[in-house]
1. Could you sort the peptides 198-204, 7-13 by per-residue average Cβ neighbour count (10 Å cutoff), highest mean leading?
2. What are the extents of the Cα atoms of the chain along their three principal axes, in Å, largest first?
3. Would you please state the base-10 log of I(q)/I(0) at q = 0.15, 0.24, 0.26 1/Å for region 81-120, with intensities from the Debye formula using one equal scatterer on every alpha carbon?
4. Might you tell me the accessible area per residue for region 170-258, computed with a 1.4 Å probe and given in Å²?
5. For region 30-46, in order, what is each residue's ³J(HN,Hα) by Karplus, 6.51 cos²θ - 1.76 cosθ + 1.60 with θ = phi - 60°, in whole Hz (x at glycine and Pro)?
6. In whole percent, what relative contact order does the chain give with Cα contacts below 8 Å and a gap of six or more residues?
7. For all pairs of alpha-carbon atoms in region 169-241, what percent lies in each bin of width 5 Å, listed from the first bin to the last filled one?
8. In terms of the Cα gyration tensor, with a ≥ b ≥ c the square roots of its eigenvalues, is region 150-199 rounded because a/c is under 1.5, prolate because a/b exceeds b/c, or oblate?
Amino acid sequence: DRLVRSPALQGWNWDVVVGNPHGQADVSGTARPLLAANPLVEGFSSIAPASVPIRVDTLDVAAIGLDTLQGAVVPRFFDGREPQADDEIALGRTTLRRLGRHVGDVVGVGQGPSRRPLRIVGSALLSPASFNGSDTQTTMGSGAVLTIGGLRRFAPGAVPNQLLVRYAPGADTDEAFRTLQRDFGRTVLRPGPSPEVANLHGVNGLPLLLAALLVVLGVATLGHTLVTSTRRRRRDLAVLKTLGFVRRQISATLAWQA
C-alpha cells in the first residue's frame, strides 16, 4: 500500500510530466518560459525517448535522453548521478545486474563498428512511464539514461517531447496542476503506477482471503477433532462422572484437549 501511494518509490521522482509522449514536436523551447514564469514550479527537465532500443554491450535497452533545465529534476539514483556529458550513461539496476556491470565501468553502446565507449555514472530507479515513446516494453529498474545529445548519437530522431516538472516546496498541488493545465491543456500527466505495481495492488487482498480461509479450515478441523474424540471417549468420560467429576470438570477436560 505504501508503494502504491508513493510515486517516488516507483521511479516518479517528480510531480507531473508535461507534453505528449507520442508527439514528435520539441516542446522544451515553448514550454521552458511558461514553466520558468510559474511560481508554483520549482524545477523541470526535458526528456527525449528513443523510439527503438539501443545496444548496450550485449543487451538491447530502452533509453531516454535527459537534460536538466532548471533545478535537478532527475530519476532517483541508488548510486552515482545523472549523465551530464555525452560520453556518460546511467542504467537501471536490473540492466546493470544483467550486464554484470557497476558504476564506474565502461560499456560499448551502438551497433557494429559504430560502438562508442560510455562510462556508467549512475544506478537509477527508472519508471516504465518514462519510456512511453519507446516501442520496447520496460519494467521497473531496466533502461538507460543519457543526455539528449548523447542519445542522438544512437537515435538521431529522438525529440524532447516531454518535461519532468517538480512543484515548488509548499505549493498547493491542485492549484499547481490547474495552472499547468491552463498553459498546456490535457498534456499534463500525473503519476501512474507501473504495471508491476498495478498487478501487485490488484492482488493485495489475497493474503487476507488466504488468512480467512485458513481460520475457517482451522476452526472446522478443531471442531471436527473435538467432536470425534469426545465420541470415542464417551465411556471414559462416563467413568469419570461416575467417580465424581462434575460438569465443570468435564468441560475443563475438553478445554485442555482443545
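The values are calculated or read from the model by the stated rules, or taken from the named source; none is laboratory data. Remember, it's a predicted structure, so these values are computed and weren't measured experimentally. A quick note on method: Cβ atoms are made from the backbone with ideal geometry, for glycine too, and the neighbour counts reach across all protein chains shown. Each accessible area value is taken on the protein alone, full model and side chains, heavy atoms only, with ligands, DNA and RNA left out. Shrake-Rupley method; radii C 1.70, N 1.55, O 1.52, S 1.80 Å.
1. Details: 198-204: 11.1, 7-13: 19.4.
Highest to lowest by the protection proxy: 7-13, 198-204.
2. Rounded to whole Å, the extents work out to 98, 49, 28 Å.
3. Here log10 of I(q) over I(0) equals -0.34, -0.82, -0.93.
4. 79 Å²
5. Those phi angles translate into 7, 7, 4, x, 5, 5, 5, 8, 8, x, 8, 10, 8, x, 7, 9, 9 Hz.
6. Numbers: 473 pairs, mean separation 71.2, N = 258.
Reported relative contact order: 28 percent.
7. 3, 11, 9, 9, 7, 8, 8, 6, 6, 5, 5, 5, 4, 4, 3, 4, 2, 1
8. Working: a/c = 2.30, a/b = 1.45, b/c = 1.59.
Oblate, because a/c is 1.5 or more while a/b does not exceed b/c.
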